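The values are calculated or read from the model by the stated rules, or taken from the named source; none is laboratory data. What you are looking at is a predicted structure, and each value in this text was computed from that prediction instead of being measured. Quick reminder, even Gly has a Cβ in these numbers, built from the backbone with ideal geometry, and neighbours come from all protein chains shown. Note: accessible area is taken over every heavy atom of the protein model, side chains too, but ligands, DNA and RNA are not part of it. Shrake-Rupley method; radii C 1.70, N 1.55, O 1.52, S 1.80 Å.
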Amino acid sequence: MPERVETTNPEGVDYGWVMQVTFVATILIGAPIVAFLSINADLPSWGARAEFAVRVGAPIWFCTALIVFAYAKRNQA
């Protein structure tokens, strides 16, 4: 029987896992941080709210990705 096409043997860090965990962790941790920081911000329009969320959320996303990647790199099998 031939080997299945979907079978892989990744070497090193599983980037798919890193992306998925980064996405979930950023929503669970980053969204409350952005909401808390927006309490004192003057956000009169939806555009201002979206811009604020991107300005504050992007660094949170980036830091989360670095932490998850470092964890995956350290604990790779």
Q) Angle between the Cα long axis of helix 15-25 and the longest principal axis of the chain, 0 to 90 degrees, nearest 10? A) 30 degrees
Q.
Considering only protein heavy atoms and a probe of 1.4 Å, how much of the accessible area of the chain is carbon and sulfur, as a whole percent?
A. 66 percent
(Q) Could you tell me the calculated FRET efficiency between TYR71 and ASP42, based on Cβ-Cβ distance and R0 = 35 angstrom, to the nearest 0.05? (A) 0.40
Q.
Through the Karplus equation 6.51 cos²θ - 1.76 cosθ + 1.60, θ set to phi - 60°, convert the phi angles of segment 40-47 into ³J(HN,Hα) values in whole Hz; use x for Gly and Pro.
A. 8, 7, 8, 10, x, 10, 5, x
